[in-house]
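Novice: Once you've had a glance at the structure underneath, I'll fire off some questions.
The values are calculated or read from the model by the stated rules, or taken from the named source; none is laboratory data. All of these numbers come straight from a predicted model, not from anything done at the bench. Positions of Cβ are backbone-derived with ideal geometry, glycine not excepted, and every protein chain shown enters the neighbour counts.
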Amino acid sequence: MQAILLVGGFGTRLRPLTLTTPKQMLPVLHRPMIEHVVCALGAHGVDRVVLALGYHDEAFRAAYPDGRCAGVDLSWVVEPEPLDTAGAIRFAYTESGMESSEGTFLVANGDVITDLDVGEMLQLHRTSRAEATIHLIEVEDPSRYGVVVTDSDGRVGAFVEKPQPPAPSNWINAGTYLMEPSVIGRIDAGRRVSVEREIFPAVAEDRSLWALRRNTYWIDAGTPQTYLRAQLDLLDGLSSAGVSSAGVSSERVLSGVSSAGVSPAGVPAGVSPEASIDPAAVIERSVVMAGAVVGTDSVVRGSAVHAGAVIEPGAVVLDSVVGSGATVGRGARVTDGTLVGARFEVAPGVTLSGARVPGAA
Ligand code: GDD
Ligand code: MG
């Protein structure tokens, strides 16, 4: 099975972290987000992934120069300008040579980490003779997603992207699709086309869009809250997706890194042995990456401290993300979903709550 992974968005909801690093290259539990996604796809029979690149494409190309990622063959295409989700699918399909193989292919949003059983979805796709099949998840607040109404047998009656409340259903598009090549023919070349706003509603109208409703582990790691939660979920072992537990050898992928279930003695789970932690620092349920320094009497709780970041003595980091090479000064408090951009310096003694620093330019 071949897959197209959509990873060309701007990641605006995760700014300023995404100003320097594209969303799917941000670290999730020590590895770029994309590796968890590719690894999970690989575990379900995907052997080739085409990255649909745009924003900061060079970051992906530099990270996987030999065209392998988590044991899967990787290739890529770069859009000359953002073509939106369907435009990107069409561009990747035609530019990567997938056209010649003709079969059913998979498409996934690059920020979705899930335990979805692709084989089960493929079975539904085949038996229903669907043109496209999508995975659905049930959520409490569907307003920020694609909302989907199905018949009892799984045929999609309506697909509405980010509807005004009240939403017609709590089942939402979970961002993994199986498609027949005929879907490509529905997408205009050379312009922005949204798969959610144009293509899925049209396929549904033709009664050939189907959906698999499965409340497996699932997260869209594209917001500050979910980016943090995805890491803590993997740390807690809530998902079998991802690099830490998908059967990938610990020497090969997790070299020297502790994560759920693989914790060298004396290092709290989630803390890299290549981080430097003062014995009088308190670290609870957090990810602290290689080269980070956590000083004496500081507290890091429910947070992610990226590679090379420095938490100075007496500083407190709660439910927040400190970007790579950033500094939280002595006695500063960084709390409530604050995002500190790469290399930014939070001055000593400052309190930040739900902030993004540096702010939008
Ligand atoms: N190549 C390319 N070009 N990729 C793009 C483009 C583009 O122009 N625009 C967005 N992407 C990529 C993003 O990088 C991301 O991986 C994926 O497409 C989805 O975009 P998001 O920006 O993350 O969308 P969303 O989270 O608001 O909504 C989508 O995901 C939800 C589930 O997580 C939609 O598919 C919703 O329907 C869905 O419910
Ligand atoms: Mg998203």
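Novice: Applying the selection to the range 36-73, what residues are at positive phi and without any contact (Cβ under 8 Å) to a residue 24 or more places away in the chain?
Specialist: First pass over the range 36-73, keeping only residues at positive phi: 45, 56, 67, 70-71.
Matches in the range 36-73: Gly67 only.
Novice: Pick from the range 193-225 the residues that are in contact with a helix residue (DSSP H, G or I) (Cβ under 7 Å, 6 or more places away or on another chain) and part of a strand (DSSP E or B): which of them is farthest from ligand 1 (Cβ to nearest atom)?
Specialist: Trp210
Novice: Counting only residues that are more than 16 Å from ligand 2 (Cβ to nearest atom), at negative phi and part of a loop (DSSP other than H, G, I, E, B), how many does the range 82-126 have? Show your work before the answer.
Specialist: Of all residues in the range 82-126, those more than 16 Å from ligand 2 (Cβ to nearest atom) come to 83, 87, 90-106, 115, 117-126.
Cutting the leftovers down to at negative phi gives us 83, 87, 90-96, 98-101, 103-106, 115, 117-126.
Those still in the list that are part of a loop (DSSP other than H, G, I, E, B) too: 83, 96, 103-104, 115, 117.
Number satisfying all stated conditions: 6.
Novice: Quick test for you: out of Ala52, Ala86, pick the one residue that is near ligand 1 (Cβ under 10 Å from one of its atoms), of a type in the set (A, V, I, L, M) and touching a Leu at 6+ places or on another chain (Cβ under 6 Å). Outline the logic, then answer.
Specialist: Numbers: Ala86 fails: touching a Leu at 6+ places or on another chain (Cβ under 6 Å).
Ala52 is the lone residue from the list that is near ligand 1 (Cβ under 10 Å from one of its atoms), of a type in the set (A, V, I, L, M) and touching a Leu at 6+ places or on another chain (Cβ under 6 Å).
Novice: Determine if the range 99-113 includes at least one residue that is of a type in the set (D, E, K, R), modelled with pLDDT under 95 and touching a helix residue (DSSP H, G or I) at 6+ places or on another chain (Cβ under 8 Å). Walk me through it before giving the result.
Specialist: Step one: of the range 99-113, the residues of a type in the set (D, E, K, R) are 99, 102, 111.
Filter again for modelled with pLDDT under 95, leaving 99, 102.
From what's left, touching a helix residue (DSSP H, G or I) at 6+ places or on another chain (Cβ under 8 Å): 99.
Within the range 99-113 (the criterion being of a type in the set (D, E, K, R), modelled with pLDDT under 95 and touching a helix residue (DSSP H, G or I) at 6+ places or on another chain (Cβ under 8 Å)), the answer is yes, since at least one residue qualifies.
Novice: If I ask for residues that are away from ligand 2 (no atom under 16 Å from the Cβ) and outside any strand (DSSP E or B), which ones from the range 127-150 would you list?
Specialist: Once the filter is applied, which keeps residues that are away from ligand 2 (no atom under 16 Å from the Cβ) and outside any strand (DSSP E or B), the range 127-150 yields Thr127, Ser128, Arg129, Ala130, Glu131, Glu140.
Novice: Another question, then. Here is a list: Ala280, Ala290. Which entry is modelled with pLDDT of 95 or more, within 24 Å of the chain's Cα centre (by Cα) and more than 17 Å from Pro224 (Cα to Cα)? Working first, answer last.
Specialist: Numbers: Ala280 fails: within 24 Å of the chain's Cα centre (by Cα).
Ala290 is the lone residue from the list that is modelled with pLDDT of 95 or more, within 24 Å of the chain's Cα centre (by Cα) and more than 17 Å from Pro224 (Cα to Cα).
Novice: Name the one entry in Arg13, Arg90, Arg48 that is in contact with a helix residue (DSSP H, G or I) (Cβ under 9 Å, 6 or more places away or on another chain) and within 28 Å of Thr338 (Cβ to Cβ).
Specialist: Values: Arg90 fails: within 28 Å of Thr338 (Cβ to Cβ); Arg48 fails: within 28 Å of Thr338 (Cβ to Cβ).
Selected residue: Arg13, the only one of Arg13, Arg90, Arg48 that is in contact with a helix residue (DSSP H, G or I) (Cβ under 9 Å, 6 or more places away or on another chain) and within 28 Å of Thr338 (Cβ to Cβ).
Novice: Determine the pairs where a residue that is without any contact (Cβ under 8 Å) to a residue 60 or more places away in the chain, located within the range 131-143, has a partner that is among the acidic types (Asp, Glu) and buried (at least 24 other Cβ atoms within 10 Å of the Cβ) with Cβ atoms under 8 Å apart, the partner being 6 or more residues away or on another chain.
Specialist: Within 8 Å, no pair qualifies.
Novice: Taking the residues in the range 13-22 that are in contact with a His (Cβ under 9 Å, 6 or more places away or on another chain), outside any loop (DSSP other than H, G, I, E, B) and modelled with pLDDT of 95 or more as candidates, determine which candidate is farthest from ligand 1 (Cβ to nearest atom).
Specialist: Only one residue fits best here, namely Leu17.
Novice: Please verify whether Trp210 is in contact with a Ser or Thr (Cβ under 6 Å, 6 or more places away or on another chain) and in the same structural domain as Tyr145 (by TED's automatic domain parsing), treating the condition exactly as stated.
Specialist: Numbers: in contact with a Ser or Thr (Cβ under 6 Å, 6 or more places away or on another chain): yes; in the same structural domain as Tyr145 (by TED's automatic domain parsing): yes.
Here the answer is yes, as Trp210 does meet what is asked.
Novice: Across the range 155-167, which residue is surrounded by the most Cβ atoms within 10 Å (Cβ to Cβ) among those that are more than 9 Å from ligand 1 (Cβ to nearest atom) and modelled with pLDDT of 95 or more? Explain how you work it out, then say what you get.
Specialist: Within the range 155-167, the first condition is being more than 9 Å from ligand 1 (Cβ to nearest atom), and the residues that meet it are 155-158, 160, 163-167.
This time we only want the ones that are modelled with pLDDT of 95 or more, so: 155-158, 160.
On the way: Arg155: 15, Val156: 26, Gly157: 15, Ala158: 16, Val160: 21.
The extreme case among them is Val156.
Novice: Which one is farthest from ligand 2 (Cβ to nearest atom) among residues in the range 196-223 that are touching a Lys or Arg at 6+ places or on another chain (Cβ under 7 Å) and farther than 20 Å from Ile184 by Cβ?
Specialist: My answer is Ile219.
Novice: Can you tell me which residue in the range 1-39 is farthest from Tyr227 (Cα to Cα), limited to those that are of a type in the set (D, E, K, R) and away from ligand 2 (no atom under 12 Å from the Cβ)?
Specialist: Glu35
Novice: Further question on the same structure: Being over 19 Å from the mean Cα position of the chain (by Cα) and either farther than 20 Å from Ala241 by Cβ or more than 12 Å from ligand 1 (Cβ to nearest atom) (or both) narrows it down to one residue among Val118, Val147; which is it?
Specialist: Numbers: Val118 fails: over 19 Å from the mean Cα position of the chain (by Cα).
Testing whether each residue is over 19 Å from the mean Cα position of the chain (by Cα) and either farther than 20 Å from Ala241 by Cβ or more than 12 Å from ligand 1 (Cβ to nearest atom) (or both) leaves just Val147.
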